1. Grab the other residues whose beta carbon is less than 11 angstrom from that of GLY77, score K and R as +1, D and E as -1, and report the net.
2. Which pairs, out of LYS65/LYS120; LYS42/LYS98; LYS72/LYS119; LYS41/LYS65; LYS41/LYS83; LYS11/LYS41, put more than 19 Å between their alpha-carbon atoms?
3. Between LYS16 and LYS65, what FRET efficiency comes out of the Förster formula 1/(1 + (r/R0)^6) with R0 = 25 Å and r the beta carbon distance, rounded to 0.05?
4. What distance in nm lies between label points placed 7 Å from Cα along the C-beta direction at GLU73 and GLU117?
5. What trypsin sites (Lys or Arg not before Pro) does region 1-99 have in DSSP loop regions with at most 14 other beta carbons within 10 Å?
6. Could you calculate the FRET efficiency of MET82 with ARG4 from 1/(1 + (r/R0)^6), where r is the beta carbon distance between them and R0 is 30 Å, rounded to 0.05?
7. Classify region 20-125: rounded, prolate or oblate, from the alpha-carbon gyration tensor (a ≥ b ≥ c, eigenvalue square roots; a/c under 1.5 rounded; otherwise prolate if a/b is larger than b/c)?
8. Between ARG99 and SER30, how many nm apart are label points set 7 Å from Cα along the C-beta direction?
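Values in this text are rule-based calculations from the coordinates and carry no lab data. All values derive from a computational prediction rather than experimental measurement. We place every Cβ from the backbone using ideal geometry, glycine too, and count neighbours over all the protein chains shown.
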Amino acid sequence: MEVRATYRYAKISAFKVREVTRAIQGLPVSAALDLVAFSPKKAAGLINKTLKSAVANAENNANLKVGGLVVKEATVGEGPTMKRMMARARGSGSRILKRSSHIRIILTDEIEIKRREKKKGGAKKSGAKKSARKAPKGAKQPGEARAEQKSES
């Protein structure tokens, strides 16, 4: 089942938010919350708020367990842009665009969470060295070509 949450009219440009939303797509909710919590960007705080809202919707409205939820989709659309003017030289003015965005997060429990298995046997082989790559048959080694040139002249 899919559960969604939307943060509308966030006072940040969509370009800045998309960088963080791309990172959390396809992750389990716990991993996505950790990633967003330790990100230094302003967008991460807004996404954290939206993600927690989606989790609360899943728990309260859809009776889903948080442990099995995965971020299926995290999209950002552009909201309305406020136009402002700033005084410039010689009595002219320039436009300032204050952009906003709409953040939408969709969680699902239908996608299986794939976890990596921990590696076993941490002992390393100390005596084994990598052998040098051998040239194919018929190919000359770098030193052989020089030796042949000297002998011919």
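1. Here the charged neighbours net out to +2.
2. Result: LYS65/LYS120; LYS72/LYS119; LYS41/LYS65; LYS41/LYS83 exceed 19 Å.
3. 0.15
4. 3.5 nm
5. Answer by residue number: LYS11, LYS41, LYS65, ARG88.
6. 0.70
7. Oblate, since a/c reaches 1.5 and b/c is not below a/b.
8. In this crude label model, ARG99 to SER30 measures out at 3.6 nm.
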